[in-house]
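Worksheet: the structure to be examined is printed underneath.
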Amino acid sequence: MLKIVLRRAGIGFLIGVFVGNLIAVLTGTSATDGITFASKQLLNMAGGSPVVAMILQSLFSGLYGAVCFGGMTFYDVERLPLAAATALHCALIILLFIPIALLLGWVSNIIEILIIASMQLVAFFIIWLIMYLIYKKQVRELNDLMNKTKDEIK
């Protein structure tokens, strides 16, 4: 299980670095005259050094991606109900998002945090609902197959 978590976290780290820096470039480009790789807030925190800001941006974006992907392991724990796994994964992601988003300057006020957290909650509910419906259909198909097999044996 540890190998799976570490593999997912490693992949998530790389994806997090890529996505975090892509978002920073896209939002920084629209807000300034040139391309920036970090928010103004992060640049100020890094003492004006774009290299330090880029390193911090990469590390924290990667950490966020690693936790998001590594947290998918909750779904592999068989004794954990789907709703509990989804709630744990969602809570982990939202609770980590808040400090990282504030630190990196992705959000600037509580309203933005609430909006993004609400969007994440809705996304997790949709994921849970889709998975629930898929599992429910699979259980029904297995029950039908079991009943059909019982009838053939008689």
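Could you give the length gained on full extension between D144 and I111, defined as 0.36 nm per residue of separation minus the Cα-Cα distance, in nm?
Numbers: separation 33, 0.36 × 33 = 11.88 nm, distance 4.93 nm.
Contour length minus the Cα-Cα distance gives 7.0 nm.
In which sequence would Y135, Y75 go, from the one with the fewest C-beta neighbours within 10 Å to the one with the most? Mind showing how you got there, number by number?
Details: Y135 11, Y75 15.
Fewest to most other Cβ atoms nearby, the residues stand as Y135, Y75.
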Electrostatic dipole magnitude of the chain [Cβ: Lys, Arg +1; Asp, Glu -1; Cα centre; debye, to 20]: 400 debye
Most fluctuating residue given options N143, N44, N109, as computed from a GNM of the chain linking Cα atoms under 10 Å: N143
Selected from P99, G10, L114, residue furthest toward positive end of dipole (the chain; charges at beta carbon): G10
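Using only helices, what value at 222 nm comes out for the chain when you add -39,500 (n - 2.57) per DSSP H run of length 4 or more and divide by the total residues, to the nearest 500 deg cm²/dmol?
Numbers: 5 runs with 124 residues, N = 154.
After summing the helix terms and dividing by the residues of the chain, the value is -28500 deg cm²/dmol.
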Under 24 Å from the Cα of K148 - lysines, other chains or at least 8 residues apart: K136, K137
Rank the residues R140, R8 as a footprinting-exposure proxy: fewest other Cβ atoms within 10 Å of their Cβ go first. R140, R8
Consider the candidate values (1) 2, 8, 16, 19, 17, 14, 11, 7, 5, 2, 0; (2) 2, 9, 13, 16, 16, 12, 9, 7, 5, 3, 3, 2, 2, 1, 1, 0; (3) 2, 9, 19, 23, 23, 15, 7, 2, 0; state which one is P(r) over Cα pairs in 5 Å bins from 0, in percent computed from the structure displayed. (2)
Using the number of other C-beta atoms within 10 angstrom as an exposure proxy, rank I126, I116 with the fewest first. I126, I116
Figure the gain on full extension for L121 and L102 (residue separation times 0.36 nm, minus the Cα-Cα span) and round it to one decimal in nm. 5.0 nm
Top positive-direction residue, dipole computed over the chain with Cβ charges, set F124, T149, Y64: T149
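Taken together, the values in this text are just the output of simple stated rules run on the coordinates, not laboratory data. If you're wondering where the values come from, they're calculated on a predicted model, not measured in any experiment. Glycine also receives a Cβ, built like all others from the backbone with ideal geometry; neighbour counts cover every protein chain displayed.
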